[in-house]
1. State the answer as a single residue: which of Val85, Trp305, Thr105 lies farthest towards the positive end of the charge dipole of the chain, with beta carbon charges of +1 for Lys and Arg and -1 for Asp and Glu, about the Cα centre.
2. Could you pull out which residues in the range 56-83 have an amide N less than 14 Å from a spot 7 Å beyond the Cα of His201, following the Cα-Cβ vector?
3. Counting only protein heavy atoms and using a 1.4 Å probe, what share of the accessible area of the chain belongs to carbon plus sulfur, as a whole percent?
4. Note down the magnitude of the dipole of the range 203-291 about its Cα centre, charges +1 on Lys and Arg C-beta and -1 on Asp and Glu C-beta and zero elsewhere, to the nearest 20 debye.
5. Under the definition of Cα pairs under 8 Å and six or more residues apart, what whole-number percent is the relative contact order of the range 19-323?
6. Output the peptides 190-196, 156-162 sorted from most to least packed, where packing is the average of other Cβ atoms within 10 Å over each peptide's residues.
7. Which residue, chosen from Ile225, Trp256, Leu27, occupies the Cα position most advanced towards the positive end of the dipole of the chain, where the dipole is computed from +1 (Lys, Arg) and -1 (Asp, Glu) charges on Cβ about the Cα centre?
8. Straight-line reach from Lys315: which aspartates and glutamates have Cα under 18 Å away, leaving out those fewer than 8 places along the same chain?
Amino acid sequence: MAHVARRLFSTSACRRTSAKEASTELLARFGIGKPVSIRKQVLDANQLHLLSITLNRGPSSNNPPSYGTPIPAGYHLVYFTPSIVESELGLDGTDRTVNPLAPYTRRMWAGGELTWVQDINAVLRVGQEVRETTKLLSAEPKKLKNGGEMLVVGVEKTFENDQGIALVDRRSWVFQKEITPEDPVTPLARPEEKALPTGEHTRDFCQPDVTLFRFSALTFNGHKIHFSPEWCRQVEGHRTCVVHGPLNLVNILDLWRDTARGGSPEAFPKSIAYRAMSPLYMGEPYRVLLKKDGVNGQAEAAAKWNADIWDSYGKQSMKGTIYA
């Protein structure tokens, strides 16, 4: 174990930095609401095509979607991927563009909120040139239950075409201290299996290694927890590879689109707010539950939907609220 840890880690000289100091430095480096980066990109048909195949949303085909095809809700995640050379990635393979100082280098996607324009003529489409603007919204030091420290960092990404802003994507990232070779995390034992909960609308998943690899490749995500069992078990204490939080966000939105709008790619909710609560693992069953939570007589345009994901051990992995 010690041999593996030595190969996977390099030590940092900044271990005494507190979460408050790291928060202050991050805010000073970027400033609140100021652009961290502005990028332009043409929304490529092939990227959308490959994601649809990865999600089993279409048959194998050599024919990508045509020019002008709407980018379905959540599928923007395979565009504007990190353009970072490998030597500039974190030890765990993550993009460090908006990272705080060491030792707060373990990044996890904790949740967020997406808001879509409701004008169908202004949505993101294949072939458009789109501008993505990334801004830092917040950086807050927090205490863990075990007395340790972490940072919660808020980032906003806006996606703008020739009609204006089409999508606002706010993300919440948690940064914990790096794991040292001298104090590795012990993997948790597999808990006792339980029956998956039932609900009004459900969809079951059990993600294989190929799906996790393909989604990592499409999002150009080098985070090792999604594809390296060695890193997961011998470094971070996971029993196997972790299912991407953004992949499950897409799965929730697909179930809503199929249930509420008949699968139309031109169906976009007003917003979704979501929070990750517990990891899901490769090869383990889980279930997405969706339920309409409208008041009697409420207009369809103002409908509220509750979305939850549960694993096969009785733990809730993600919860979300969709306003349509």
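The values are calculated or read from the model by the stated rules, or taken from the named source; none is laboratory data. Keep in mind that this is a model prediction, so the values were computed, not measured. No Cβ is skipped: glycine too gets one built from the backbone with ideal geometry, and neighbour counts run over all protein chains shown. Areas reflect the complete protein model, heavy atoms only, side chains present, ligands, DNA and RNA absent. Shrake-Rupley method; radii C 1.70, N 1.55, O 1.52, S 1.80 Å.
1. Farthest towards the positive pole: Thr105.
2. 73
3. Here carbon and sulfur together make up 51 percent of the probe-accessible area.
4. With only Lys, Arg, Asp and Glu charged at Cβ, the dipole is about 280 debye.
5. 20 percent.
6. So the peptides 190-196, 156-162, ranked by packing, come out 156-162, 190-196.
7. Leu27
8. Glu192, Glu193, Asp204, Glu284
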